[in-house]
Amino acid sequence: MNNIISTLISRRSDLLQALWQHLGISLLSLLIAILIAVPLAIVVLPHKKTANIFLQLTSILQTIPSLALLGLLIPLVGIGTVPAIIALVVYALLPIFQNTYVGLTEIDPALEEAADAFGMSRLRKLFKVELPLAKPFIISGIQTAAVLIIGTATLAALIGAGGLGSFILLGIDRNNMPLIIIGAVSSAALALLISGWIFFLKNHRARWSFLSVALIILGMIGAGLYQAVKPKPETITIAGKLGSEPDILIHMYADLIKAQSPKTHVVLKSNFGKTSFLFNALRNDDIDIYPEFTGTVLESLVKTPKTKQRLTAPQTYQKARRLLQQQFQLTYLQPMAYENTYALAVKASFAKAHHLKNISDLQTVQSQLHGGLTLEFIDRDDGFKGVKRLYHLDFPVQSMEPSLRYEAIASGRVNIVDAYSTDSELQQYQLLVLKDDRHLFPPYQGAPLMRQDFAKQHPKIVNVLNKLAGRISATDMQKMNYQVNVKKQSSAKVARQYLLTHHLLKE
């Protein structure tokens, strides 16, 4: 409990920002869903077959897995708030449309006939008789949709839309239970609050409903207008993948940029997501810079003919830089010294008992192996696919998030994991990295990646980020990761301390 309270106090500003983002995304999605589903139910009311088609369609849309839907939307509308809102609207349509349609069809025919006998027009009957009678059903549908939206909105953090999901994702990545609890409890509390507000509207006159909705709309419009008209300094958006290492690097980038151009406003998007999310975000101008690894560029991002020739670290970088420029008009700056290559790791005690030093030695214990691997490693040619092909190894594996696989091997649920060579958990859990004796894994050196037009417009930023070229050893990086993941120091503090210690930044 003390850890939760201290984390809550230290991150209260981040929590307030995440709450505001989560609330804004959720309410806007709910409002759009209402504006689509309620009129649609009214329009198809006289046409039973058409109504059934829409009921089936909205049901099918709700069965699409949320992550798959976000993945489908990213190539179309980019990342950030827009795809998150579209996905949430899709999930909210069914309960609102269904309840509105059912509420309107369940009205006593005698009441409908009485309204007609009084000579009411179609619109007057709708607003004076039908909608008031169907109101409990409609509000119940909206209430269900609101809870669904707020829960699903935690996934918005995966595509850079922020919200309370950022606390949950960060907690999972850092194995930080207080962060997970704060994110989950806050999301549940927000759902209860919005559900209670809707229940209040359900039991009061319609004018309260319209007044509440009007105030929300005016508040959103006012906030949007304020953001649009207030003076804005130049903003540089820097994003990082999941994990402590990218977080440390982007804080270094930010410190160097702000030291060189104090008036520049730097926005950091930590734990932004997987490789494909960041790459698409960069190409779509949603972010300006992110650290990428040379091996990842050649294996996952650019089109290049497969070759058995093993490239050196400099050759890998030069090829990656050239292909990024040719195929995507991106600029890849000079890399740092350390290589954060893929690796396979086992407990030191397991390696000692079975005389394991190289990956090829695993053939002698193949029947005993049970792996915990990240989904990305499982699917990569320079990952588990390559291990099976080059080392003739095949053993059962479970896909896991990066931090969870280390917990799994520590508890004995698996006995081999994929790793990055600078992971702090290698030291923390006393794991041994097996030597890649057949040279499967290419060099992985990190360097800032940006659009070519951005680099031309900001030569000073290019120059200041190149100060990191050839810097940071593998030992340095592993120590910094250890300070963040195990010692629980902030990435910002660790990054700044490195820059100060190596005279890349002045006090």
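For GLY160, are the conditions met, namely being touching a residue at least 40 places away in the same chain (Cβ under 8 Å) and touching a strand residue (DSSP E or B) at 6+ places or on another chain (Cβ under 8 Å)?
Numbers: touching a residue at least 40 places away in the same chain (Cβ under 8 Å): yes; touching a strand residue (DSSP E or B) at 6+ places or on another chain (Cβ under 8 Å): yes.
Answer is yes for this residue.
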Pairs where the first residue, in segment 276-290, is more than 17 Å from GLN325 (Cα to Cα) and the second is of a type in the set (S, T, N, Q), C-beta under 6 Å, 6+ apart: ILE287/THR237
Matching residues, segment 352-410, being within 24 Å of SER300 (Cα to Cα), among the hydrophobic types (A, V, I, L, M, F, W, C) and assigned to a helix (DSSP H, G or I): ILE359, LEU375, PHE377, ILE378, PHE384, VAL387, LEU390, LEU404
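Residues checked against (1) part of a loop (DSSP other than H, G, I, E, B); (2) surrounded by 14 or more Cβ atoms within 10 Å (Cβ to Cβ); (3) touching a residue at least 60 places away in the same chain (Cβ under 8 Å); (4) among the hydrophobic types (A, V, I, L, M, F, W, C):
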{"residue": "HIS439", "(1), (2), (3), (4)": "yes, no, yes, no"}
{"residue": "PRO443", "(1), (2), (3), (4)": "yes, yes, yes, no"}
{"residue": "VAL462", "(1), (2), (3), (4)": "no, yes, yes, yes"}
{"residue": "LEU465", "(1), (2), (3), (4)": "no, yes, yes, yes"}
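Does GLN56 meet the test of being out of contact with any helix residue (DSSP H, G or I) (no Cβ under 9 Å at 6 or more places or on another chain) and assigned to a helix (DSSP H, G or I)? Lay out the reasoning, then the answer.
Values: out of contact with any helix residue (DSSP H, G or I) (no Cβ under 9 Å at 6 or more places or on another chain): yes; assigned to a helix (DSSP H, G or I): yes.
Answer is yes for this residue.
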Residue ID - surrounded by the most Cβ atoms within 10 Å (Cβ to Cβ), chosen from residues in segment 344-363 that are within 16 Å of ASP418 (Cβ to Cβ) and aliphatic (A, V, I, L, M): LEU344
Given (1) out of contact with any Asp or Glu (no Cβ under 7 Å at 6 or more places or on another chain); (2) part of a helix (DSSP H, G or I), number of the condition PRO46 does not satisfy: (2)
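Each reported figure results from applying straightforward, stated rules to the coordinates on display, with no laboratory input. On a predicted model such as this, the values are computed, not experimentally measured, just so you know. Cβ sites come from the backbone with ideal geometry, for glycine too, and all protein chains shown count toward neighbours.
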